[in-house]
Amino acid sequence: MAPAVPRSGDAIFANVERVNAELFTLTYGAIVRQLLTDLEEVEEVNKQLDQMGYNIGIRLIDEFLAKSNVTRCVDFRETAEVIAKVGFKMFLGVTASVTNWDTAGTCCSLILEDNPLVDFVELPDTCQGLYYCNILSGVVRGALEMVSMKTEVTWVRDMLRGDDAFELQVKLLKQVPEEYPYKDDE
Amino acid sequence: MTSTACFMIVSRNDIPIYEAEVGTAPKKEEAAHQHQFILHAALDVVQDLAWTTSAMFLKSVDRFNDLVVSVYVTAVSHTRLMLLHDSRNDDGIKSFFQEVHELYIKILLNPLYLPGSRVTSSHFDTKVRGLARRYL
């Protein structure tokens, strides 16, 4: 079955507004820096970044659906492909690849070879437990929750910790059936 | 022939934030202290000289026996890259400073690095030592 959704976000990426990459990178860096100063605990910073990402994600999905013209995905596999090829390209300017599917088709990995958030960054000894890009996992989780998929998103590999790529594991917990807040006969 | 070279980055508050012995001469404990001492003594001269010229590279600002102090003053943050050396290779030293300056800018751009704190990055250390082998 040939999916009707766009297989790449290049066309959309060419049309959306963009900011200078360094401005973006350094702004994000400043946010993380400030969180580290305010919250002191690295664990707390991870949580906060995830929460911020979630809040972004639940709004961003609307923008994504409005601009990308994707239609409803038939299964989770297609969803993952769309996130990796269209979503990441549209908002981050890079594409991810999807691999490591489990047999049930509910768990996969998004692999980012290139990540504009981490230019210049090097983790000092004092923040070894930090997931610097934790905001991304939050964004994916939040966005998927808005299209009725409960997911768990965790980092498996992180270049800042010496790995060779960024690997984000997305695990589908359950599909929430759509609920209408109103009754038909009222 | 063995050469002596001691490289140090001094922050605007006169605190050393990075130091490395990059010469080929065998390391001696008291020599390292002596090098620190000579570079420290040269700071005053550098301060006076830095305002008299617009050049960032100040060559041979001070000397101690056969050891010469060359300094590169960065424009904005007034960080000083100081090199104590006994060779006379001005061009090499200038290139060395320029490349280290670029590395230092990368360090400054790291959002997790506090300006004025110690440079602990091992990547930076390896790069500086590599540059020293190439240019000095």
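Laboratory data are not the source of any read-out in this text; all were calculated from the coordinates shown. Note that the structure is a prediction, hence the values are computed from the model and not measured. Here the Cβ is made from the backbone with ideal geometry for all residues, glycine too, and neighbour counts use every protein chain on show.
Using R0 = 25 Å, the C-beta based FRET efficiency linking B:Ala32 and B:Thr2 works out to 0.95. Modelled label-to-label distance, A:Trp101 and A:Ala165, 7 Å Cα→beta-carbon offset: nm? Placing both labels 7 Å along Cα→Cβ, they lie 1.6 nm apart. Projecting the Cα atoms of B:His33, A:Phe64, A:Val45 onto the dipole axis of the protein assembly as shown, where Lys and Arg carry +1 and Asp and Glu carry -1 at the beta carbon, places B:His33 farthest toward the positive end. In this rough spin-label picture, where each label sits 7 Å from Cα along the Cβ direction, the B:Ala55-A:Asn20 distance is 3.1 nm. Taking label positions 7 Å along the Cα-Cβ direction at both B:His123 and B:Arg63, the computed distance is 4.0 nm, reported to one decimal. Were the residues from B:Asp48 through B:Asn89 laid out at 0.36 nm apart, the gain over their Cα-Cα distance would be 12.3 nm.
Given +1 on the Cβ of Lys and Arg, -1 on the Cβ of Asp and Glu, and no further charges, what dipole in debye does the protein assembly as shown carry about its Cα centre, rounded to the nearest 20? List each step's numbers first, then the result.
Details: 31 positive and 46 negative charges, 169 e Å.
Roughly 800 debye for the protein assembly as shown.
Rounded, prolate or oblate, given the Cα gyration tensor of the range B:5-135, with a/c below 1.5 counting as rounded? Rounded.
Got a sec? How would B:Thr24, B:Thr52 order by Cβ neighbour count within 10 Å, fewest to most? Mind showing how you got there, number by number?
On the way: B:Thr24 13, B:Thr52 8.
The order, fewest Cβ neighbours first, is B:Thr52, B:Thr24.
Taking other Cβ within 10 Å of each residue's Cβ, how do A:Asp102, A:Asp50, A:Asp163 sort, fewest first?
Details: A:Asp102 9, A:Asp50 20, A:Asp163 12.
Least to most surrounded, the residues fall as A:Asp102, A:Asp163, A:Asp50.
In chain A, the DSSP-assigned H stretches of four residues or longer account for a calculated mean residue ellipticity at 222 nm of -13000 deg cm²/dmol, using -39500 (n - 2.57) per stretch and the full residue count as denominator.
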